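The values are calculated or read from the model by the stated rules, or taken from the named source; none is laboratory data. Quick caveat: nothing in here was measured; it's all calculated off a predicted structure. Note: ideal-geometry Cβ built from the backbone for every residue, glycine included; neighbour counts use all protein chains shown. With ligands, DNA and RNA removed, areas are computed over all heavy atoms of the protein, side chains included. Shrake-Rupley method; radii C 1.70, N 1.55, O 1.52, S 1.80 Å.
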Amino acid sequence: MSAQQRIEHLHSFRGVAIITIVAAHAWSFAIFWTGQLDDSLEWVFAVTEMLFHGSTLFFAIISGLLFTQVLHRKPWRHFYRQKLSKVVLPYIVMSAVMTAMYWQYVSADNPDANMLQVYLNNLLVGKASIQYWYIPVLVVLFALTPLFQWLLNKLSTQPRGIVVAFALTLQPLVITRSPFPDFIEPQTFVYFSGAYLLGMIIGSHYKATLTLIERYQMPIFTIVVISSLALVYGYLVDTWSYGFFSLRESLYYLQKCLLALLILHWLHSWHQPTRQQSNQTPKQLARRQAKPKTKRLLSLCADHAFAIYFIHVVPMGWLIGLAWQTLADHRSPWLIASFGLASLTLSITLSIVISRIIRLLFKQHSSKLIGA
């Protein structure tokens, strides 16, 4: 969003979302790219997965929310032109870069592989890098946005229409996303459509939603805690099964959607001026409202969110490469936990540095390359 369009607490939420998405990879990569899930690492894996797996749902909710809060006022051609230049084009460029970067491994496994064919397949199913699977899903969500908007408009004129629309957001509780490594399956699109539509509904009734969250935040928080404990338990006893329906992914959908509501409420409250500040002059307010470190961090991550998304696995791979022997030989939970935190911090930092260098080199065209 431009500075004029920016809604600060939603911008901060984008920062939270990209940090949690990178975190979802930091510890799992540290474990599985250096060895197996040993018994001693089960708690590290269970807790970090519970906290961060499924965080891509935040992106889907934010996209739907921002459409109904900001972008629905724009012509459709503006909406699609923006998504083409800021999402699709960088995806095409970065998929080419990643295909070339990892080609040595692909050709080693399949000497007869054709780079162009592999690249086109990577584009179709988001396999140029492990996190790119979400972009084809997002493109489908953008394509379905006029239908969702028509549905919301239609239902809002009918009795109990919003109840019907909200019921559609509950489909992912029974039609869950497909598991690793085949993320792109029909049920995945249903799963993220529910979150995207939820975001659109929240954005269409934003003040009322924030009021409801404030009123019921303790019950919401309680459900988040219960679902989180259930997820940790499920990892430790290993009784989950995947297929068209996954209880684990249903719990993640419930947990992350309700957590998104709480984060929205907390960030909205955090960004509201106090009564004392509201009585100050703009000049006084500007002096006193030097952003605290956390706000600056979230804003910085949000500014580079798509660039971090596209890039972060590369520096994360570099870091694991440097520490591989140590992590492979010493499977200490404290070592893996500490390295995961370092990997999270340094991967985001290096991604931002790379993003800024590309911004300096390509100016306004950088958004077409890395989305920033």
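Here are some values of Rg and Dmax of the Cα atoms in Å: (1) 21.1, 67; (2) 21.6, 63; (3) 21.2, 71. Which one was computed from this structure?
Read-out from the structure maps to (3).
Report, in deg cm²/dmol and to the nearest 500, the calculated mean residue ellipticity at 222 nm for the chain, where each DSSP H run with n ≥ 4 adds -39500 (n - 2.57) and the sum is divided by the residue count.
The per-residue figure over the chain is -23500 deg cm²/dmol.
When only alpha-carbon atoms are used, what values of Rg and Dmax, in angstrom, describe the range 57-271?
In Å, with Rg to one decimal and Dmax whole: 19.4, 61.
Measuring with a 1.4 Å probe in the full set of protein chains, what accessible area per residue, in whole Å², belongs to the chain?
50
Which residues' amide hydrogens lie under 5 Å from the amide hydrogen of Glu185, considering only partners 5 or more residues apart or on another chain, with H built in the peptide plane?
Ser178
Considering the Cα positions of the range 35-124, please state its Rg to one decimal place and its Dmax as a whole number of Å.
Looking at the range 35-124, its Cα Rg and Dmax stand at 19.5, 55 Å.
Show me, for the range 256-272, the HN-Hα J-couplings you get by feeding each phi into the Karplus relation (A = 6.51, B = -1.76, C = 1.60, θ = phi - 60°), rounded to Hz, glycine and proline as x.
Going residue by residue, I get 6, 5, 5, 5, 4, 4, 5, 4, 4, 5, 5, 5, 4, 5, 5, 8, 7 Hz, with x marking Gly and Pro.
Quick one: putting +1 on the C-beta of Lys and Arg, -1 on the C-beta of Asp and Glu, what dipole do you get for the range 164-266 around its Cα centre, in Debye to the nearest 20?
In total the dipole reaches around 300 debye.
Non-local amide H neighbours of Ser246 (under 5 Å, H modeled in plane, Pro and chain starts lacking H): which ones?
It is Thr176, by chain and number.
Tell me, what HN-Hα J-couplings in whole Hz come from the Karplus equation 6.51 cos²θ - 1.76 cosθ + 1.60 at θ = phi - 60° for each residue of the range 331-345, using x for Gly and Pro?
Karplus values, whole Hz, x for Gly and Pro: 8, 6, x, 5, 5, 5, 4, 5, 5, x, 5, 5, 5, 4, 5.
Between their Cα atoms, which of Lys83/Lys363; Lys207/Lys363; Lys256/Lys295; Lys127/Lys295 are more than 29 Å away from each other?
Lys207/Lys363; Lys127/Lys295
Counting Lys and Arg as +1 and Asp and Glu as -1, each charge on the Cβ, what is the dipole of the chain about the Cα centre in debye, to the nearest 20?
Result for the chain is approximately 2380 debye, rounded to the nearest 20.
Using each residue's phi in the range 15-28, evaluate 6.51 cos²θ - 1.76 cosθ + 1.60 at θ = phi - 60° and report the 3J(HN,Hα) Karplus result to the nearest Hz, with x for Gly and Pro.
3J(HN,Hα) across the range 15-28, in whole Hz: x, 4, 4, 6, 5, 5, 5, 5, 4, 4, 9, 4, 7, 5.
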